[in-house]
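Undergrad: Got a structure here, written out as structure tokens. Questions coming.
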Number of protein chains: 2
Amino acid sequence: MGNFKIGELAAAAGVGRDTIRYYERMGLLREPARTAAGYRLYDATDLERVNFIRSAQELGFTLDQARQLLALRASDTAHAQAVLDITLAKITDAEVRLKRLSDIRDMLRLLADECPGEVPVSDCPILTFLTERRRSDHRKI
Amino acid sequence: MGNFKIGELAAAAGVGRDTIRYYERMGLLREPARTAAGYRLYDATDLERVNFIRSAQELGFTLDQARQLLALRASDTAHAQAVLDITLAKITDAEVRLKRLSDIRDMLRLLADECPGEVPVSDCPILTFLTERRRSDHRKI
DNA sequence: ATGCCGGTTGGACCATGGTCCAGGGTCAAG
DNA sequence: CTTGACCCTGGACCATGGTCCAACCGGCAT
């Protein structure tokens, strides 16, 4: 009972058919049962898996990490610490990227604030900055 | 005076030779003069261009945007407003991404704080969250 | 003249996460 | 019986910013 064909699974999960086949190739979904004609047959646990993967992606996990999380979930010996470790690494990673990106934003904002707009490009402080910067370089932004 | 071969330009700019040729193919660098043997010959303005591109990249501009900035810099009719517009768009873009990423970090942090570690994965709140989440979905994270 | 470094080309390949296509088979409705 | 919607496969293709490769040529030192 409750068997879907690929299109139905895809629609239920809000992804494309090709995405389902891609996940299968990537080892995120099991090889499904088939009808006599070769059609893939899925059930509710497959839908749940696809939903899990999508949720993980929304939290910034890669497909590879989603696969690790699925493997941990399926294990009966693993402890939650393993999941926590992955999560903590992801948090650190997010913080590094937040720092880099906010530094960039701050620098752009400084430059934008200095730029009067109504001058020829030759007087644009943004271009001047990009042009001059390397004379004293090799520090990170 | 001051002509470099590609390897010298690459070393001076701190990039690979292939990167120089790649920039040429992408239209970021002019087609350089050649020696009789077909070797590319560069000068200080080419080095300065590569440095400009690298600086732009460090500020989060794509190569495509770097090309636009170079075109503006070379124009004698453009005004600084055009550069400012690109920069402001980049700032907005950075802010959107900062918001998304910090929302993700916050959610991960909440989940990590709830996770005791020393329990079987079946009791891991992170996995539970990923498993359950889609029952009430379709809002952005 | 021999070795070696560095130059040339076109094209393949990397990661990431898919998307699309051709050329065929299947299935239910009209 | 035909039409249309769906499914199958293998492989190409997308963006991004390069990197690496083979197979060849140039130029300098020993």
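The values are calculated or read from the model by the stated rules, or taken from the named source; none is laboratory data. None of these values were measured; they are calculated from a predicted model. When we count neighbours, we look across all protein chains shown, and the Cβ atoms used for this are built from the backbone with ideal geometry, even at glycine. The area values use the complete protein model at the heavy-atom level, side chains included, leaving out ligands, DNA and RNA. Shrake-Rupley method; radii C 1.70, N 1.55, O 1.52, S 1.80 Å.
Undergrad: Can you pull out every residue in the stretch A:70-102 that is in a helix (DSSP H, G or I), among the charged types (D, E, K, R) and open to solvent by 50 Å² or more (accessible area, probe 1.4 Å)?
TA: Scanning the stretch A:70-102 gives A:Arg73, A:Asp85, A:Asp93, A:Glu95, A:Arg97, A:Lys99, A:Arg100.
Undergrad: Looking at (1) more than 15 Å from DNA strand D (Cβ to nearest atom); (2) polar (S, T, N, Q); (3) free of Cβ contacts under 8 Å to residues at least 12 places away in the same chain, find the lone condition where A:Asn51 falls short.
TA: All conditions pass for A:Asn51, except number (3).
Undergrad: Out of the residues in the stretch B:5-30 that are open to solvent by 40 Å² or more (accessible area, probe 1.4 Å) and within 8 Å of DNA strand C (Cβ to nearest atom), state the one that is farthest from B:Leu41 (Cα to Cα).
TA: Across the stretch B:5-30, the extreme among qualifying residues is B:Asp18.
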